[in-house]
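Please read the structure below before turning to the comments.
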Amino acid sequence: MRVVITGGAGFVGSHLVDRFLGDGHEVVAIDNLCTGVLQNLDDASENPRLTFIRADASMPLPVRGDVDVVLHFASPASPVHYARLALETLAVNSTGTAHACDLAERTGARLIFASTSEIYGEPAVHPQTESYWGNVNPVGERACYDEAKRFGEALVATRVRRGSLDGRIVRIFNTYGPRMAPDDGRAIPNFVAQALAGRALTVYGDGRQTRSFTYIDDLVDGIALLAAHDGARGALLNLGNPEEVTITGVAAAIAAAAGVPLHIEFRPLPADDPSRRKPDITRARALLGWEPGVTLHAGIERTLAAWRGARPADV
């Protein structure tokens, strides 16, 4: 099988590269390195079945020959990065998604579009089911990401209904693990970097807002299952861990795992930051037989071990 992965040098994308290479497939990874880094592909770079193309995924994808699966995962994904790259985020999730659909339709490949739990916004439904339409500020500071992903979903769903596209959509809830960038700006990489450096852990707002954190290996398992499923055309699935925790609870867990005292520095909550987040994964269980197997405690331990093994400049 030949698999094209946009955003292949990013956090999630590079783990997908490893997974599909490990399963014996040929992989074409595409990334313009605006947030991804080649170091993420160190483990894969010696594999002759990997081709890396440095290119902007918001442009027509420079891929020739047969393709079996297209994974469109190119996009800044943290508030820090998509605030800096707002127009690029809009482009890669709109015109970039169209180009990914074009490649999949031309080659008869399956397409998986990486959407996000952020399309639910400040949720009025809890936990969030795929049938919930969300509550998003269309002109707020996060709209470049939230609305771009909503548009990408609409584009994929429309092309599935009106054409020959075998498209599938995954709404990814907060995912963490090795290879998250130290400047990512999201809670777990922030806390891990701060704890290992002996600094106070920065919490925005009062820390009582909740998230559901998924370890990267669990997410990759779900995506691989969806890519392999013969009867999933048009599927829309939440992929996340239903274990809901407060942000201060996560900070305390990371400080304890790192063996450092818990010191928290509170800062103002960013605009449109959601107060609750928890996936309903009934559909993923029913269609794929998937559910996360890595507990938050185990995932934090693995993440800390990976970061401790990184070069000091990386942390």
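Any read-out appearing in this document is the output of simple, stated calculations on the displayed coordinates, not a laboratory observation. What you see is a predicted model; the values in this text were computed from it and never measured. Neighbour counts run over all protein chains shown; Cβ positions are idealised from the backbone, glycine included.
Taking the listed residues ARG159, ARG150, ARG110, the one that is buried (at least 19 other Cβ atoms within 10 Å of the Cβ), without any contact (Cβ under 8 Å) to a residue 40 or more places away in the chain and under 17 Å from VAL170 (Cβ atoms) is ARG150, with no other qualifying. Screening VAL139, VAL125 for residues that are over 21 Å from THR282 (Cβ atoms), out of contact with any Leu (no Cβ under 7 Å at 6 or more places or on another chain) and either among the β-branched types (Val, Ile, Thr) or surrounded by 23 or more Cβ atoms within 10 Å (Cβ to Cβ) (or both) leaves exactly one candidate, VAL139. Is one or more of the residues making up the stretch 269-291 among the small types (Gly, Ala, Ser), touching a residue at least 60 places away in the same chain (Cβ under 8 Å) and in contact with a helix residue (DSSP H, G or I) (Cβ under 8 Å, 6 or more places away or on another chain)? Yes, some residue in the stretch 269-291 is among the small types (Gly, Ala, Ser), touching a residue at least 60 places away in the same chain (Cβ under 8 Å) and in contact with a helix residue (DSSP H, G or I) (Cβ under 8 Å, 6 or more places away or on another chain).
Do you know which residues across the stretch 2-24 are assigned to a helix (DSSP H, G or I), small (Gly, Ala, Ser) and either buried (at least 22 other Cβ atoms within 10 Å of the Cβ) or touching a Leu at 6+ places or on another chain (Cβ under 9 Å) (or both)?
If we filter the stretch 2-24 for residues that are assigned to a helix (DSSP H, G or I), which is where we start, we get 11-22.
Cutting the leftovers down to small (Gly, Ala, Ser) gives us 13-14, 22.
Once the filter is applied, which keeps residues that are assigned to a helix (DSSP H, G or I), small (Gly, Ala, Ser) and either buried (at least 22 other Cβ atoms within 10 Å of the Cβ) or touching a Leu at 6+ places or on another chain (Cβ under 9 Å) (or both), the stretch 2-24 yields GLY13, SER14.
Checking the stretch 248-268 against the condition returns no match, with no residue being in contact with an Asp or Glu (Cβ under 9 Å, 6 or more places away or on another chain), crowded, with 18+ Cβ neighbours inside 10 Å, closer than 23 Å to PHE73 by Cβ and of a type outside the set (Asp, Glu).
Within the stretch 60-97, the residues that satisfy the criterion of being farther than 27 Å from ASN174 by Cβ and in contact with a helix residue (DSSP H, G or I) (Cβ under 7 Å, 6 or more places away or on another chain) are PRO60, LEU61, VAL63, ASP66, VAL67.
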